[in-house]
1. Is there a residue being at pLDDT below 95, farther than 25 Å from A:ILE138 by Cα and surrounded by 19 or more Cβ atoms within 10 Å (Cβ to Cβ) anywhere in the stretch C:190-208?
2. Take A:ASP83 and tell me if it is acidic (Asp, Glu), under 16 Å from the mean Cα position of the chain (by Cα), at pLDDT 95 or above and over 24 Å from A:GLU136 (Cα atoms).
3. Given the conditions (1) in contact with a strand residue (DSSP E or B) (Cβ under 7 Å, 6 or more places away or on another chain); (2) within 25 Å of B:ASP130 (Cβ to Cβ); (3) surrounded by fewer than 24 Cβ atoms within 10 Å (Cβ to Cβ), which single one is not true for B:ASP168?
4. Any residue that is in contact (Cβ under 8 Å) with a residue 60 or more places away in the chain and touching a helix residue (DSSP H, G or I) at 6+ places or on another chain (Cβ under 8 Å) - is there at least one of those in the stretch B:120-132?
5. When you go through (1) among the charged types (D, E, K, R); (2) within 17 Å of the chain's Cα centre (by Cα); (3) surrounded by fewer than 24 Cβ atoms within 10 Å (Cβ to Cβ) one by one for A:ASP249, which number turns out not to apply?
6. I'd like to check something: does the stretch B:23-41 contain any residue that is touching a residue at least 40 places away in the same chain (Cβ under 8 Å), of a type in the set (S, T, N, Q) and either over 30 Å from A:ARG220 (Cα atoms) or touching a helix residue (DSSP H, G or I) at 6+ places or on another chain (Cβ under 7 Å) (or both)?
7. Restricting attention to the stretch B:108-119, which residues are touching a residue at least 60 places away in the same chain (Cβ under 8 Å) and either more than 16 Å from the chain's Cα centre (by Cα) or within 26 Å of B:SER242 (Cα to Cα) (or both)?
8. Just to be sure, is D:VAL176 crowded, with 24+ Cβ neighbours inside 10 Å, within 13 Å of the chain's Cα centre (by Cα) and under 27 Å from D:HIS94 (Cβ atoms)?
Number of protein chains: 4
Amino acid sequence: MTAARRPLRVTVWNEYVHERREESVKRIYPEGMHRPIADGIRRELGGDVTIRVATLDEPQHGLTEEALAQTDVLTWWGHAAHDKVDDAVVERVHARVLDGMGIVVLHSGHYSKIFRRLMGTSCSLRWRSDPGGEREVIWSVNPAHPIAAGVPQPIVIPHQEMYGEFFDIPPPDELVFISSYEGGEVFRSGCCYIRGAGRVFYFAPADQEFPAYHQPDVQRVIANAVAWCAGAVRSNNESVKSSGNAPRDWFLSAKVT
Amino acid sequence: MTAARRPLRVTVWNEYVHERREESVKRIYPEGMHRPIADGIRRELGGDVTIRVATLDEPQHGLTEEALAQTDVLTWWGHAAHDKVDDAVVERVHARVLDGMGIVVLHSGHYSKIFRRLMGTSCSLRWRSDPGGEREVIWSVNPAHPIAAGVPQPIVIPHQEMYGEFFDIPPPDELVFISSYEGGEVFRSGCCYIRGAGRVFYFAPADQEFPAYHQPDVQRVIANAVAWCAGAVRSNNESVKSSGNAPRDWFLSAKVT
Amino acid sequence: MTAARRPLRVTVWNEYVHERREESVKRIYPEGMHRPIADGIRRELGGDVTIRVATLDEPQHGLTEEALAQTDVLTWWGHAAHDKVDDAVVERVHARVLDGMGIVVLHSGHYSKIFRRLMGTSCSLRWRSDPGGEREVIWSVNPAHPIAAGVPQPIVIPHQEMYGEFFDIPPPDELVFISSYEGGEVFRSGCCYIRGAGRVFYFAPADQEFPAYHQPDVQRVIANAVAWCAGAVRSNNESVKSSGNAPRDWFLSAKVT
Amino acid sequence: MTAARRPLRVTVWNEYVHERREESVKRIYPEGMHRPIADGIRRELGGDVTIRVATLDEPQHGLTEEALAQTDVLTWWGHAAHDKVDDAVVERVHARVLDGMGIVVLHSGHYSKIFRRLMGTSCSLRWRSDPGGEREVIWSVNPAHPIAAGVPQPIVIPHQEMYGEFFDIPPPDELVFISSYEGGEVFRSGCCYIRGAGRVFYFAPADQEFPAYHQPDVQRVIANAVAWCAGAVRSNNESVKSSGNAPRDWFLSAKVT
């Protein structure tokens, strides 16, 4: 209501390494994992978004100051090349999140520099990647959370890598999904955080070895998460964020809307 | 995005007692407190809402089963007549909140049956109502919360009743506003809760003896809160709420979207 | 440190219905479920506690004003006779929790009047009780929470009733345990709440048809929960709880420790 | 109960710069701010603690691997020399917190490298340091929190620097204190966080220019916070923290206590 309704500007970031060097991954994601991620966001949010793809190999990983200024929500997939992400770019993304950009961190992105920077913890977890994977069942524990809108309870992913607790993250500000795996492990697989004026969502699916990003319900959750982040983008109240030296009664003389 | 965009149906509920029996209140709110509350919601949300007013004196307080079924968000002001609200109506409102209706509880509504029922605590607090009141300064601690969108940091209410801690509520699921008063007290004055599929917002201003409901920023917060509640209304996922006996593997045979 | 170190006074409450009328239950819990619960608390907390058992059949269910005044932590098991618990007793227990008594609610106690009263929600859930039950695996998501101290990660219960999401409770103030079941369901099985000056812990195991209360790790969690509640008992700060009319500058003239 | 009851090992860390170079500070804290901080902890916790002081000038700031391994709870005061704290030491302290050490961060420590590292946000705030300061009134919003045990409601600090919202921290896992200042600002002045197996407490008082660390109630809160951190130290469950590759059914063959 109170904010402009221009299309949301989404940057889908992918390290794009596995898909180019491993045959098994290339077969599942011939155009890169960013493709089904972007396609799902476009299908769900349509004219409400413009989407740009950026990858590790681009100068500054495609995340220049200007590119970030033009980004409302960033999605992040990385795994093999976390260490190759430049620290200066990480600091820039971090500052932009605190300033109000949303970020949706996917699967192995739990170990990315940016996610660990935002969380302040190790973000370690248990994992198991057996050939063929195992069934993951994703349960929502918040029936009216916008990120769970329109998806079945539960979402079943037939073949997936196992991610299990203890997941070393701060207690989520809102917990949306919990997964179970065939082996009996559980995982907090959909976690919301407020950081500064920005919103952060971590979503556990999917892995380069498994086709879950082609699954419509997984795509829908990612699109919902992008839209949820937009809630902060559109309500970002600059006057709240001010800091620094404040003379006595400064707010009495301030221009009041 | 993913949910229907019909206008939000808002019911503004007011016990409407003080304004009819006390001259001092009548002067401030000649048409009842519900009037500036409704006017502010209409001004901010415009065509996105339809508004109905309901009061204590109506049959079933204007909150019949049918009326509630047609309500997406309910605002609640009560004080002198909390005990006159029928228990059956309270149970009905309570069930409707868990089912997904939003509720915005205002000021002395902290002691209403419905708020205490939803909170599970005593909802007691400190208070002081000196003639002329005292300055309340409302600070947001969440710069991108939609309920704080578009209002100054801080909101200054020149004359208001004091509400102070300890406020016996559960720790808020999201804390949006903290107030200070001239006397030095503080108060968690803007508190969000998730209850079932519904959202609850408590907002401390204003009192029957003070004109704060005519103040545009206070009206805007109430309108923002109504819109925030709508987030749950529009994303309410019926499939999540199911409960009861569940045979083994029930979800494998369920129709999946 | 700051509080007296007298033994903690624990009341183990059991409706004690199934164990007396059903042979299958009698075989598992010949002396009532309260027996292994009390035994486990005594084994773990030893001289730090005194334990009393109270049951539904006693006058006022053994929960008179005086009995509650002498109780620091109450554990609650009920199922078949929730409706037989007197409303006046429920109100009394509720007030005592807000005043600082701890309460540990077990398994089917999720549907007890007192738990629903404290939560403000329906507390409904999914369930399945197949003959022989199914394996429940309990994971801690908080490695330093006192309630998870000294138990293995995970705790495995070989045969148990299934309790699954969505569990209609407020978001826990601290989430300690999440369970998975053989059928693939998950459940927030260890949940902490702060309510007034009291602490509430809900723990999902165990059922009258399964012997989990004889399992040392389950007993240890219950004992840990009792000790965790004691943290609030021992730090209860009466001066914080005061409410009511507060004249300007009241705290400047107050006697300060 | 479940953990050893050896004395808690506390390290009081102070950058110790202002007290040696500024006369105004030297007059208030002639032996350094660490002295009244340590004295207060000793007075309140007595034989339950051993205390060591460490300062910036020592090799590795007195925070060697060995020193940290021997520390259960660290208190941190810094301001003028945040940038002089070695990054390697910060990483070491950070890892030790995740491993279970408690940390109590005081006043201007909000801008220390270690606090910002743990929070993942900018930790900026408003401030005002007028000559003579202004009255800070500290209110507890959690009557049974151990950190508020035994202190008056409210604690009044006659002369103090103003710290005001917005304070750019993650929403606290538990909010214990909110302060108001004479100028009308508010501040979340007592904030608890769980990070890994460690506990973090931020407490806003006091400043080098004001004598609040000599005030018994302020000392008591710090001592309470040290003891609260000990709750995690004593219940740290190593088996929960394990991460890495986990073969199917690993937990069924694990030795179970």
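1. yes
2. So A:ASP83 does not fit the description; no.
3. Only one criterion in (1) in contact with a strand residue (DSSP E or B) (Cβ under 7 Å, 6 or more places away or on another chain); (2) within 25 Å of B:ASP130 (Cβ to Cβ); (3) surrounded by fewer than 24 Cβ atoms within 10 Å (Cβ to Cβ) is unmet by B:ASP168, namely (1).
4. Yes, the conditions are met somewhere in the stretch B:120-132.
5. Looking at each condition in turn, A:ASP249 falls short on (2).
6. Within the stretch B:23-41, one or more residues are touching a residue at least 40 places away in the same chain (Cβ under 8 Å), of a type in the set (S, T, N, Q) and either over 30 Å from A:ARG220 (Cα atoms) or touching a helix residue (DSSP H, G or I) at 6+ places or on another chain (Cβ under 7 Å) (or both).
7. Listed by number, the residues that qualify are B:PHE115, B:LEU118, B:MET119.
8. no
The values are calculated or read from the model by the stated rules, or taken from the named source; none is laboratory data. Given the structure is predicted, the values throughout are model-derived calculations rather than measurements. Here the Cβ is made from the backbone with ideal geometry for all residues, glycine too, and neighbour counts use every protein chain on show.
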